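J.: First the structure, which I've put down as structure tokens, then a few questions once you've had a look.
The values are calculated or read from the model by the stated rules, or taken from the named source; none is laboratory data. Quantities reported herein were computed from a predicted structural model and do not represent experimental measurements. Here the Cβ is made from the backbone with ideal geometry for all residues, glycine too, and neighbour counts use every protein chain on show.
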Amino acid sequence: MSTSEPRLEVPWVEKYRPSKIAEVVNNEDAKKKYVAWINAWLRGKPQKKAALLYGPPGSGKTSIVHATAREFNWELIELNASDVRSREALRQRVSGALDTGSVFGYQGKIILLDEVDGISTREDAGGLQAILELIEKTRWPIVLTANDPWDPKLRTLRDACELIEFKKIGKRDVVKVLESICQKEKIECPKEVLSAIADNSKGDLRAAINDLQSIALGKKTLSVADLQVLGDRAEQENMFEIVRTVLTAKSPEQALSVTRLPSLDYEMLLQWLSENIPYQYEQSLQAIADAYNALSWADIMLSRMKREQQWSLLSYALELMTAGVSSSRERPPFKFVKYSFPEKIRILARQKEKFEEYRKVVREASSRLHVSTSKFRTEVQPYLQVILEEDEEEGKMILRSLGIPENKINVVFKTEEKAHS
Ligand SMILES: Nc1ncnc2c1ncn2[C@@H]1O[C@H](COP(=O)(O)OP(=O)(O)OP(=O)(O)O)[C@@H](O)[C@H]1O
């Protein structure tokens, strides 16, 4: 039963990450080029010491590097934007790891620097230079990844790397991966559901696997009706992914990256984070407290920004609700959780719908009586209420003559009762 199922589970994107290069699906040309580059390293004669894998999210760039490390028993050294902020930061992070031999029986090393396009050349001056120096000196293969490698700031880096393009994953392969996950998880799922998930993911396998896990949480049989969740997802563009990026970011820069999305609705993001922080950080009260603390400051900045027309406060609010929220102390280990639509917005929308219905009925009755709606509410409605209570049949007859059919009686009187309570 879904209620007794644990809410937390290992993320399937991690559980089913390819463990061999051959398991990385699609992108055959990219794989061929990448394998040739790795082979050149194995022979000790790479033309370029670094490869820059670029292309859309969820196409396998990071996965192929993880798979290489596992396949060849190499130690994977993962660096992020803050590790390469300056030469000194990079030295601190990698000097030990690169110069020493491996203690765990690894037979080599591979360095992965994810999302180099996220490095800000203005704030992290020296960072790109540090990467170039690392490439020049390295004895181990270095892989960089980027979604957009054509940023002019990356030109020198491009020149130093073997460029390998990854493309969106074709629908047939997305469906195949989803099918094999269902099989391993012993989940029954009609092909049309998998096909709809694949369409919705637009070639992003990470999004597709996350969607499948979201709708399958606590279930062993899926149906078309379960796709409702994805409807919300499409409406919200990819709010699920944005929330996941912020709450599971490995570095403040990664959390901050969502603020560069042109379609980001930051008011909505605030509500979504507010709803979902406790689920993602369930295991640590400290993390929940810290995240809400940052979020409340973001909220204060936003209202001050609007009240005083101080638009410069927006950047503080955005930093607080992304990097601030994700930098809470004592971050619990990353677990997959199903995010929910903000309850506050749902309740407000429901209330609004009810209120609209109420107004429509009252407007009709007032116009038949030739009184204003406020007069109807204050001077007519209370008497109708009493009549209804004293003699229901008589009351209903009067209401019918005022254009209030029986099935709308509840709308008017319930809403009014609620308003008084
Ligand atoms: N080509 C692929 N073959 C098999 N699994 C894949 C492939 N691409 C993505 N995946 C799945 O999606 C998840 C995310 O993929 P990955 O981290 O490799 O994406 P990426 O291209 O590096 O994206 P980003 O640019 O956002 O870092 C992986 O954990 C894996 O489960």
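J.: Give the residue, chosen from LYS137, LYS171, LYS191, that is at negative phi and surrounded by 13 or more Cβ atoms within 10 Å (Cβ to Cβ).
T.: Result of the check over LYS137, LYS171, LYS191: LYS171.
J.: When segment 64-89 is examined, which residues are found to be closer than 18 Å to GLN254 by Cα, within 13 Å of the ligand (Cβ to nearest atom) and buried (at least 19 other Cβ atoms within 10 Å of the Cβ)?
T.: Hits for segment 64-89 are ASN80, ALA81.
J.: Assess whether ALA294 counts as being in contact with an Asp or Glu (Cβ under 8 Å, 6 or more places away or on another chain), crowded, with 19+ Cβ neighbours inside 10 Å and under 16 Å from ALA249 (Cα atoms).
T.: Spelling it out, it is not the case that ALA294 is in contact with an Asp or Glu (Cβ under 8 Å, 6 or more places away or on another chain), crowded, with 19+ Cβ neighbours inside 10 Å and under 16 Å from ALA249 (Cα atoms).
J.: Looking at GLY55, GLY60, which one is within 16 Å of the ligand (Cβ to nearest atom), touching a Lys or Arg at 6+ places or on another chain (Cβ under 8 Å), at pLDDT 90 or above and under 29 Å from LEU128 (Cβ atoms)?
T.: Details: GLY60 fails: touching a Lys or Arg at 6+ places or on another chain (Cβ under 8 Å).
One residue alone meets the criteria, GLY55.
So that you can scan it fast, the table gives a plain yes or no per residue for (1) in a helix (DSSP H, G or I); (2) at pLDDT 90 or above; (3) over 26 Å from ARG331 (Cα atoms):
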| site | (1), (2), (3) |
| --- | --- |
| ILE181 | yes, yes, yes |
| GLN228 | yes, no, yes |
| ASP232 | yes, no, yes |
| VAL246 | yes, yes, no |
| THR259 | yes, no, no |
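J.: Ok, one more. Among the candidates ARG359, ARG363, single out the residue that is over 30 Å from GLN254 (Cα atoms), part of a helix (DSSP H, G or I) and either polar (S, T, N, Q) or in contact (Cβ under 8 Å) with a residue 12 or more places away in the chain (or both).
T.: Going through ARG359, ARG363 in turn, just one is over 30 Å from GLN254 (Cα atoms), part of a helix (DSSP H, G or I) and either polar (S, T, N, Q) or in contact (Cβ under 8 Å) with a residue 12 or more places away in the chain (or both): ARG359.
J.: If you don't mind, another one. Across segment 294-338, which residue is farthest from ARG244 (Cα to Cα) among those that are of a type in the set (Ser, Thr, Tyr) and either assigned to a helix (DSSP H, G or I) or in contact with a Pro (Cβ under 6 Å, 6 or more places away or on another chain) (or both)?
T.: Checking each candidate, the answer is SER303.
J.: Does PHE341 satisfy the condition of being in contact with a Pro (Cβ under 9 Å, 6 or more places away or on another chain), surrounded by 13 or more Cβ atoms within 10 Å (Cβ to Cβ), within 30 Å of ARG244 (Cβ to Cβ) and hydrophobic (A, V, I, L, M, F, W, C)?
T.: Numbers: in contact with a Pro (Cβ under 9 Å, 6 or more places away or on another chain): no; surrounded by 13 or more Cβ atoms within 10 Å (Cβ to Cβ): yes; within 30 Å of ARG244 (Cβ to Cβ): yes; hydrophobic (A, V, I, L, M, F, W, C): yes.
Here the answer is no, as PHE341 does not meet what is asked.
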